[in-house]
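Step one of this worksheet: look at the structure below.
Nothing in this text is a laboratory measurement; each read-out follows from the coordinates by a stated rule. Everything numeric in this text was worked out from a predicted model, so none of it was measured. Quick reminder, even Gly has a Cβ in these numbers, built from the backbone with ideal geometry, and neighbours come from all protein chains shown.
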Amino acid sequence: MANDDLGAAAAAKADEFYTQWPVIEREMNAYLEYDPDVFRGKTILLPCDDPEWSNFTKFFALHFMDYGLKKLISTSYAPEANHGGVYYTPTLFDDPQFDHTKDEVAGKLFVLEAKDINGDGKINIDDLQWQYLKGDGDFRSAEVTALRDEADIIVTNPPFSLFREFMAWIMAAGKQFSIIGNMNAVTYKEVFPLIMGNKVWYGPTISSGDREFGVPDHYPLDAAGWRVDDDGKKYIRVKGVRWFTNIEHGRRHEPLQLMTMADNIKFNKKLKGQPYRRYDNYDAIEVPFTDAIPSDYDGPMGVPISFLDRYNPDQFEILGMPSNHPDTDLRTRVYTAEECRDAYFTLFGKPGVYDLNARGVVGGVKVYARILIQRKAAQ
């Protein structure tokens with residue numbers, strides 16, 4: 001395989017994931033439990049999706065009538081546009097309009113409307129109509145962007161490598177959405193301000209562990225966890241995935257139950273009896289575990305990004321994030337280049353640069369990525 005193909009294959013490893021039906025179902029049901037009419041009368045767009053392989057279109061087509069949808073639109077990438085067709089699999093369609101040559105370079109458009117095409121008395125995937133797009137189906141194209149503007153809600157599992165661009169593409173249109181991404185995306189400078197501004201939050205149904213995704217037939221099975229089922233379909237397990245959304249759900253308004261600082265030190269086994277420490281470079285205390293947030297401390301606290309799984313905007317305010325480009329005035333110290341070099345030598349015994357400004361620092365050592373929060377006053 002040529003170097004370009006190897007590079008494409010490596011990049012594709014983070015992108016060609018097919019979301020399993022139960023993962024979609026649990027998330028959509030959570031929105032419906034909070035608002036039974038959340039999808040009623042709406043046009044839903046599923047970009048980066050292909051109902052030949054993906055479950056998103058199949059799921060919403062099945063529920064078209066009981067959700068009361070107005071229209072369902074899906075678009076797919078052309079194989080040649082998706083990592084040079086490294087994992088191209090011929091279409092399953094037995095359709096006169098199928099064109100093998102066009103199929104490799106053009107994306108597809110799938111549309112389901114409230115029209116009983118086959119006359120069986122119901123609207124479902126059998127009434128789905130499709131055609132080739134003029135372009136390759138890239139969500140950034142004018143063709144797919146026009147479909148974004150037509151839609152009310154966008155739901156999909158976008159390519160992880162393009163998550164920043166995909167999020168910006170959605171936000172530019174002011175649409176409701178529910179998309180899957182890596183939880184570390186909250187640390188991106190393009191994403192964190194949206195979290196901090198209460199414009200984006202985690203969905204309710206994935207809060208820990210890894211999740212299984214289907215992958216194409218020719219996908220390399222070199223992930224930590226993988227399997228092949230009895231039908232030869234391949235699956236891998238991906239850590240740290242989350243739903244990102246701006247659709248309301250009940251879990252984000254559930255208050256986090258807290259113990260006092262003294263009780264946490266005494267009873268929280270994760271703290272091992274150790275007192276809370278302050279950052280060397282931020283006016284805040286370090287809270288290494290979400291369940292160790294004290295109920296009787298009103299000042300700023302640094303907490304793990306997994307706190308967002310249980311974040312209640314009625315209970316806490318997000319103040320910022322310790323980083324090289326902080327969005328908070330809580331920073332109390334900026335380290336010089338010499339101090340960063342000295343810190344590296346002290347820790348590792350050899351020359352190097354230890355970027356102390358990139359994180360919160362406790363006792364001269366950087367901690368993992370943190371979000372700075374503060375308890376809101378009781379209403």
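So the values come out like this:
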| item | result |
| --- | --- |
| Residues whose placed amide H lies under 5 Å from that of residue 371, excluding near-sequence neighbours | 303, 305 |
| Other-chain or far-sequence residues with amide H under 5 Å of residue 259's (modelled H) | 295 |
| Whole-Hz ³J(HN,Hα) from phi, Karplus 6.51 cos²θ - 1.76 cosθ + 1.60, for region 114-128, glycine and proline x | 6, 10, 7, 4, 8, x, 8, x, 8, 9, 8, 5, 5, 9, 5 |
| Cα shape, region 255-375, gyration tensor, a/c 1.5 rule | prolate |
| Candidate values (i) 23.4; (ii) 20.1; (iii) 27.5, label of the one derived for mean projected area of the Cα convex hull in nm² | (i) |
| Per-residue ³J(HN,Hα) for region 240-257, Karplus 6.51 cos²θ - 1.76 cosθ + 1.60, θ = phi - 60°, Hz, x for Gly and Pro | x, 7, 9, 7, 10, 8, 10, 8, 5, 8, x, 4, 6, 10, 7, x, 7, 7 |
| From phi via Karplus (6.51, -1.76, 1.60), per-residue ³J(HN,Hα) for region 261-277 in Hz, x at Gly/Pro | 4, 5, 5, 4, 4, 7, 10, 6, 5, 5, 7, 6, x, 7, x, 6, 10 |
| Within straight-line cross-link reach of residue 70, lysines at Cα separation under 17 Å, skipping those fewer than 8 residues along the same chain | 42, 58, 115, 122, 175 |
| Crossing angle, helix 21-34 versus the chain [Cα axis fit, 0-90 degrees, rounded to tens] | 70 degrees |
| Residue-averaged 222 nm ellipticity for the chain, from DSSP H runs of 4+ at -39500 (n - 2.57), nearest 500 | -6000 deg cm²/dmol |
| Size of charge dipole - region 3-252 - debye, nearest 20, with Cβ of Lys, Arg +1 and Asp, Glu -1, no other charges | 1180 debye |
| Three principal axis lengths of region 11-71 [C-alpha, angstrom, descending] | 39, 21, 16 |
| Interchain or long-range residues, amide H under 5 Å from residue 178's placed H | 154, 155, 156 |
| Nearby lysines by direct alpha-carbon distance to residue 270 (threshold 28 angstrom, same-chain neighbours under 8 apart not counted) | 239, 366, 376 |
| Dipole of the chain, positive direction: furthest Cα of 243, 337, 17, with charges on the beta-carbon | 337 |
| Size of electric dipole in region 255-375: Cβ of Lys, Arg +1 and of Asp, Glu -1, about Cα centre, debye, nearest 20 | 520 debye |
| Relative contact order (%) - criterion: Cα under 8 Å, at least six apart; region: the chain | 13 percent |
